Amino acid sequence: MPAADQPEQGTVRVEVVDRIAHDIRDGHYHPRERLVEADLAQTYAVSRSAIRSALIELAAIGLVEREANRGARVRRVSIDEAIESTEVRLTLQALCAQRAAERVDDGQRDLLRAQIALLHEGVDHGEVAVYTGANAEISRLIREISGHGTATRIIESLQNQVRSNWYPYLLPDRRVESMHEYDKVVEAVIEGDSDAASVAALEHRAHVLEALNGIREAMLSDAHRAAPIPP
């Protein structure tokens, strides 16, 4: 293969990885769904070798699992793993909130205020897409302001894995409660109160984990009821 072709091939591979990952995270492909190389090659208009390379990379970041002689499928995260992932992710998010409060500038304060206003608008009008978008952007801004590259990489990697699964959709409707929790975090960051920012973010973490543990207990209870009665 000519050396000049290698960068172009690498670019195609990266683009395919990004496109498949985006579609998994957006729910186009569901947990445990098989990913057939021939079908993917047709969908993304690339060669099967490019798809094969992309699936290897997606397996490395935890979005896909590969089985010998059976191909690849979207990885399903267990409820226990989802809880562990959320625990780590929101703990690091609290660290980012603490650091953001120490580093925030006036322009960043305005951006946070704008997103909080959007969050309230989404909750008040029942616009789920607006609410979830503002929620995600507030968290992203706090990570960006914090400047903590390592925490950001870990958070976003874990976030992507859980987002592609169905546990977040089983959580009870916490829009109002979560909005008030984000109010406290953002207020503390804007005021430059690092201790209050950390405390508020950890309180949010505790409430989300409580909800996830409730899902786990319900699943265990359902499994127990469904188990056959021994003779």
Problem set entry | Cross-chain or 6+ apart pairs with Cβ under 9 Å, segment 173-189 first and within 17 Å of Arg113 (Cβ to Cβ) and touching a residue at least 24 places away in the same chain (Cβ under 8 Å), then charged (D, E, K, R) and not in a helix (DSSP H, G or I) | Glu181/Arg174
For this session: Would you please name the residue that is surrounded by the most Cβ atoms within 10 Å (Cβ to Cβ), looking only at residues in segment 36-57 that are among the β-branched types (Val, Ile, Thr) and not in a loop (DSSP other than H, G, I, E, B)?
Result: Ile51
Seminar exercise, completed: Restricted to segment 58-90 and to residues being crowded, with 18+ Cβ neighbours inside 10 Å and of a type outside the set (A, V, I, L, M), the residue farthest from Gly147 (Cα to Cα) is Arg73
For this session: Could you tell me whether any residue of segment 200-221 is at pLDDT 90 or above, surrounded by 14 or more Cβ atoms within 10 Å (Cβ to Cβ) and more than 30 Å from Leu63 (Cα to Cα)?
Result: yes
Exercise. Looking only at helices (runs of 4 or more DSSP H) that fall completely inside segment 63-182, which ones have 3 or more residues that are under 16 Å from the mean Cα position of the chain (by Cα) and outside the structural domain of Ala21 (by TED's automatic domain parsing)?
Worked result: 79-103, 128-146, 149-163, 167-170
Exercise. Is there a residue being closer than 30 Å to Glu210 by Cβ and at pLDDT below 85 anywhere in segment 79-86?
Worked result: no
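The values are calculated or read from the model by the stated rules, or taken from the named source; none is laboratory data. Source: prediction; values computed, not measured. Here the Cβ is made from the backbone with ideal geometry for all residues, glycine too, and neighbour counts use every protein chain on show.
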